[in-house]
There are 2 protein chains.
Amino acid sequence: MTTERTEPGVDGRGTVAAVRPRTAGRYEPLGLGEVRIGGGFWADRQRLNRDAIIPHCDEWLERAGWVENFRAAVAGTLPAARKGRLFTDSDVYKYVEALVWETGREPAPSSDQRIRELTALFRATLEPDGYLNTFYGRDGQPERYSDLAWGHELYCYGHLIQAAVARARTTGPDDDLVALGVAVADHVCATFADGANPGLCGHPEIETALVELYRVTGERRYLEQARVFVDRRGHDTLGDTMYGGASYYQDRRPIRELDAFEGHAVRALYLAAGAVDVAVETGDDALLDAVRRQYDRTLARRTFLHGGMGSHHHGETYGADFELPSDRAYAETCAAVASVMLAWRLLLVTGEERYADVIERALYNVVATCPADDGRGFHYVNTLHRRAPSLVPDADNPSLFRTGGMRSPWFTTSCCPTNVARLLASLGGYLATADDDGVQLHQYAAGTVSAALPGGAAVRLTVTTRYPDDGVVAVTVDAADRPVELSLRVPGWASGATLAARGGAPDPVEPGRVTVTVVAGDEVVLTLPVAPRVTVADPRIDAVRGCVAVERGPVLYCAESVDQPDVDLDLVAVAPGVTPVEAGGVVELAGLVAPAPDEAGSWPYDGAEPRPEPRAVTLRLTPYHSWGNRGVSTMRVWLPADPA
Amino acid sequence: MTTERTEPGVDGRGTVAAVRPRTAGRYEPLGLGEVRIGGGFWADRQRLNRDAIIPHCDEWLERAGWVENFRAAVAGTLPAARKGRLFTDSDVYKYVEALVWETGREPAPSSDQRIRELTALFRATLEPDGYLNTFYGRDGQPERYSDLAWGHELYCYGHLIQAAVARARTTGPDDDLVALGVAVADHVCATFADGANPGLCGHPEIETALVELYRVTGERRYLEQARVFVDRRGHDTLGDTMYGGASYYQDRRPIRELDAFEGHAVRALYLAAGAVDVAVETGDDALLDAVRRQYDRTLARRTFLHGGMGSHHHGETYGADFELPSDRAYAETCAAVASVMLAWRLLLVTGEERYADVIERALYNVVATCPADDGRGFHYVNTLHRRAPSLVPDADNPSLFRTGGMRSPWFTTSCCPTNVARLLASLGGYLATADDDGVQLHQYAAGTVSAALPGGAAVRLTVTTRYPDDGVVAVTVDAADRPVELSLRVPGWASGATLAARGGAPDPVEPGRVTVTVVAGDEVVLTLPVAPRVTVADPRIDAVRGCVAVERGPVLYCAESVDQPDVDLDLVAVAPGVTPVEAGGVVELAGLVAPAPDEAGSWPYDGAEPRPEPRAVTLRLTPYHSWGNRGVSTMRVWLPADPA
């Protein structure tokens, strides 16, 4: 069993064929056929995705008429019959990508049939020269490429191409969807090459898609076109938007020259992912360093505790350094998905486990937060503080419901549900990597890793763990052709972790990476301290000055009103130095609650009145990812520390 | 010398004729001819308004083509020649209102000529049935009233009518502009009466304008139509907006049923002002109480320290209770103008001086902040914390520049400059009131008050003061037909104030109102303690937890980077309990500044590293209203108190 590194190919293992994603980075990613999640936190969510989220997306894409737009294109009833905003094609493509990964993970004939049916519909909509969009170009529609800044045509292509890449990596390159992706990519290269149309899309996404298509096809024109788009950006050619100037589109200055991400968060992160792809595949270290520098600064200054990004509702943009308001955290789900994409690319190329820390944080605290327990509602925005009781969305009219605090079944711009669906279905691909010497585990879930090392050896591991409920991660080497290096990530928060190898005593290990040489039959046990802990913020993050948060392992906790019916979360405080207590799976914190002040008509900046004596309460905390599943509530992550 | 109370009329005093605004409230407002500001803070700004702001607005209204739109309407070259957004007519009207008040305050033949010229242009644009708008109704334009939710037609009428009311109060009712206002109001009544078009305008403004026109004409149909618009609102008939649902327009629930203002702040406040006008003139105490209750709660929970309102950039809306982020304070200048309008109406009807406190706060800290020192730039947004260095606006392309931190010469939506111009020109009208027994001074400026009391007596006062630089306010009774009651406001912040009457010793007076009986020749001296003081916020305002602000009398202070070149305002703190020091007109505060941490790539929520020792610094504070006049800077109002 070998995996082709330099040419596209399919491994023939079992029913899931996988083109391993090749990169020129330090670590080699593994295909979906090589990493299986067998149980626990993420297995539950993959099951939810298969049984609820994906069917729900299909139902709503039909109900909203966004699939029907393609049928109408074929029937010739556009533009009259067109439904939804101009970029809805992209969500159909993202849904197909999710379905492709899911059938790759766990074959299902009916899903495969749906993929083929939708692919045929896209194929029938494709124009002879490779143009494909239901919103443009027909009589009565805007002209093709007449509004590149806002038109999202290349963005839609990008998502179609990503679906094609997923298909190539799970079914193999000889497939109608892959052929469609190639046709569209060829059209893009013909249309937007240097010397042809000099435009660029207001919403990045095509860049990473083209590099990924290059990886599965070996066609360098796609890589070159992605490079062109990256370098073409940042010269203020897209004009103003209602959300301000060119920074919204990352068109103010070239990505090579920026200090931190700015503008629309999802756009910035997709662009950065594409830029890393270009840098890695072309050996452009200056570009790679520029993106790393920006991301590192963005993580240090423009990222919320849950790993979400985007401080402004207006324009869905990054804010200034340290502008991280809990109650106005936008932290769009898609930005967290995009941050996972970017951190993954940087992990592969640099081997620095802190990027895996970023992935873990965003996965447990934003991606896992997005879907409702029943998989039929989604957070678009991931606030850290819900002040007013959340609003119940209107399932028949979910149009603009992003900020009501409860999960909505769908959105007018419904990017998040399909983004989470495609990430959950492909999640196995983000857990482990390989290099010539061995295997690296970056995220922990019960399951198996069967990796063909780039150097030729084969390794098979079984991971046994109840992580993150429990901190013990046991890795058994089921098979290994030769002694190999097994690397385990020790998360940044895991002070006091230990590693016991081959029945030995546990040795302390520092956050970062711990590597042991193993042979078949070995067992290695990593123990991570997941007891709840108190977190404080850099004092420059004004929004949470004087507050504490509670984390437990990788999981952020919050206080939700449904768990403390007698406590007004506006009036709560915790004693300085108090530590959270866990018993029977419940995390509690000793707190104080002040009586409600008599304030009718009072000016809130006097501070003169004596404060009434607070009473002691026990705050029951709940994982942030689970909040908002038990009816209308208020919620806060950051709890004021009592100044007295 | 008498002033007609129940019928419109003109007093013949001097060159300025004034129809005193009649209300059915507790206090009678005075006309511009009765209150003269002679020197000091507001005289300086009235001079700036006359010499710079008003000419600047005229120049830009021409440059932007918004006056030209009316010429194009007359020439028949619309819609091709139309410039600007759909509501630009309103700014031409607001400019005319400013010019009208200004010529009423201080006659100027050239200004009067400009008023007549523009009035003739409006008159020539007026359609035979009283319809007037340059954006609608012609071939190739949207139909009249085809989009009431967003169309702003009634909003534009409202501002035209306000200009007409100003003209009636300064020149008298026999005037072309007044006649135009009447023609438009008659059209509105004919078109939107109950039983006719049941619509309402997405942007309130017509309501207060119609009541004001009723006050100068005595025509009850205008009052009735205003009542109809107020009661028609709040039944979710305007539909959704991109800023969310009906609350944006105050159309979610009737104003009688709300607890606090919600949605677009300027809309909410204009509506509330109109509702108070309707309530006062129709004796609708339930409506009055509803608005008061909402405003009081809004002041207690949804108002920034500077008196500004509007927590969200997205939609320019109120946020939830206590959601008052310094760095994202929207606090649109127009919302402060509207808050002054509303507080003034509530002061008149209730006599509660705390509404005059609200006016004072908004005037010194938002209205005065808006214009640049040279009167040729304006803040649209009034942030309390500028983190990144402010951006220099592009004078040739000011289109979307609201949030760059520096003042812009104009805006695509340029409501704020003309709003400040009309308020500054009419400011004398907000300083004092009268009732049967005497005169009440609510705001302090050097000048004179010559009031004909409703009960018949005449009083003439001279106010001598350098307020707010100095806290001594001396009031001399120059003339009084009989002994009258002189009331002086003691601001809510003025603990320790004293009053000395007729040469007596100073007696302590409490915040609120102090009243003395005076006769001609008396002098009364109020001394307000304007030493700088430290202010803290209600602990529920999370955004400023653990911070202090400095105020001096009614003036809010801030730390601006240009005054402390060696201090990073992100890293500054003040010692707990420290008091500001004033010497030679300079306000300083002992502070600490921490060394810049080494943070490349660091996660900002660890809090584990030892904090390096801060060094002591002296922070020089500057009045908030003057910030941003000395080049690119950062700025913060709330200063962290050092927790150590």
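The values are calculated or read from the model by the stated rules, or taken from the named source; none is laboratory data. Every value quoted in this text rests on a predicted model; they were computed, and no experiment measured them. FYI the Cβ positions are ideal-geometry reconstructions off the backbone, even for glycines, and counts take in every protein chain you see. Only protein heavy atoms, including side chains, enter the accessible area calculation; ligands, DNA and RNA are left aside. Shrake-Rupley method; radii C 1.70, N 1.55, O 1.52, S 1.80 Å.
Summary of values
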read-out: Contact order normalised by residue count of the stretch A:437-527, Cα under 8 Å, 6+ apart, percent; value: 28
read-out: DSSP-defined beta bridges in the protein assembly as shown - what % are antiparallel, rounded to 5; value: 95
read-out: Calculated SAXS-style log₁₀ I(q)/I(0) at q = 0.16, 0.18, 0.25 Å⁻¹ - the stretch B:437-527, Debye, Cα scatterers; value: -0.58, -0.73, -1.36
read-out: A:ASP481 versus A:SER495: modelled label distance in nm, points set 7 Å from Cα along the beta carbon direction; value: 4.3
read-out: Helical contribution to [θ] at 222 nm, DSSP H n ≥ 4, -39,500 (n - 2.57), averaged over chain A, rounded to 500; value: -10000 deg cm²/dmol
read-out: Relative packing of peptides B:508-518, B:365-375 - highest average C-beta neighbours within 10 Å first; value: B:365-375, B:508-518
read-out: Drop in accessible area of at least 20 Å² in the complex versus isolated chain, residues of the stretch A:374-396, 1.4 Å probe; value: A:ARG387
read-out: Rounded to whole Å, sorted largest first: equivalent-ellipsoid semi-axes of the stretch A:488-597, Cα gyration tensor; value: 38, 16, 10
read-out: Residue-averaged beta-carbon neighbours from other chains (10 angstrom radius) around A:317-323; value: 4
read-out: Inter-copy separations for B:GLY283, label at 7 Å along Cα-Cβ, nm, ascending; value: 9.2
read-out: Buried solvent-accessible surface, both chains (B, A), 1.4 Å probe, Å² to nearest 100; value: 4700
read-out: Average partner coverage of B:465-475, which counts Cβ from other chains inside 10 Å; value: 0
read-out: Cα→Cβ-extended label distance, 7 Å offset, between B:ARG630 and A:ASP396, nm; value: 6.2
read-out: Alpha-carbon centroids, the stretch B:539-607 and the stretch A:617-644: separation in whole Å; value: 30
read-out: All Cα pairs of the stretch B:244-341, percent lying beyond 20 Å; value: 30
read-out: Signed unit charges on C-beta, dipole axis of the stretch A:532-640, positive-most listed residue A:VAL555, A:THR618, A:LEU571; value: A:VAL555
read-out: Taking chain B and dividing mean pair separation by its residue count, relative contact order in percent (alpha carbons under 8 Å, at least six apart); value: 13
read-out: Compactness index (Cα Rg / 2.2 N^0.38 Å), the stretch B:532-640; value: 1.13
read-out: Efficiency of FRET between B:GLU510 and B:GLU257 - r from beta-carbon atoms, R0 22 angstrom, step 0.05; value: 0.05
read-out: At 7 Å out from Cα toward Cβ: A:THR237 inter-copy label distances (nm, ascending); value: 5.1
read-out: Normalised contact order of the stretch B:202-295, rounded percent, pairs of Cα under 8 Å and 6 or more residues apart; value: 30
read-out: Accessible area of the protein assembly as shown belonging to carbon and sulfur atoms, whole % at 1.4 Å probe; value: 50
read-out: Alpha carbon centroid spacing (whole Å) that separates the stretch A:447-468 from the stretch A:140-160; value: 42
read-out: Cα-based convex hull, the protein assembly as shown, per residue volume (Å³, whole number); value: 165
read-out: Compactness relative to 2.2 N^0.38 Å, alpha carbon Rg of the stretch B:40-430; value: 0.91
read-out: Average projected area [Cα convex hull, the stretch A:132-215], square nanometres; value: 5.6
read-out: Minimum 50 Å² accessible area buried by the other protein chains, the stretch B:522-549 residues, probe 1.4 Å, relative to alone; value: B:ARG540, B:ASP542, B:ARG545
read-out: DSSP-assigned coil residues among GluC sites (Glu not before Pro) in the stretch B:125-214, each with at most 10 further Cβ atoms within 10 Å; value: B:GLU143
read-out: Size of electric dipole in the stretch A:78-175: Cβ of Lys, Arg +1 and of Asp, Glu -1, about Cα centre, debye, nearest 20; value: 200
read-out: Accessible area of chain A divided out per residue, in Å², using a probe of 1.4 angstrom; value: 33
read-out: Simple spin-label estimate for A:ARG502 and A:VAL519 in nanometres, 7 Å along Cα-Cβ; value: 0.7
read-out: Ascending list, in nanometres, of distances separating the B:ARG615 label from those of the other copies (7 Å, Cα toward Cβ); value: 5.1
read-out: Net charge of neighbours whose Cβ lies under 14 Å from the Cβ of A:ALA590, counting Lys and Arg as +1 and Asp and Glu as -1; value: -1
read-out: Alpha carbon centroid spacing (whole Å) that separates the stretch A:311-387 from the stretch B:473-495; value: 59
read-out: Reachable lysines from B:LYS94, criterion Cα separation under 18 angstrom, eight or more residues apart if same chain; value: B:LYS83
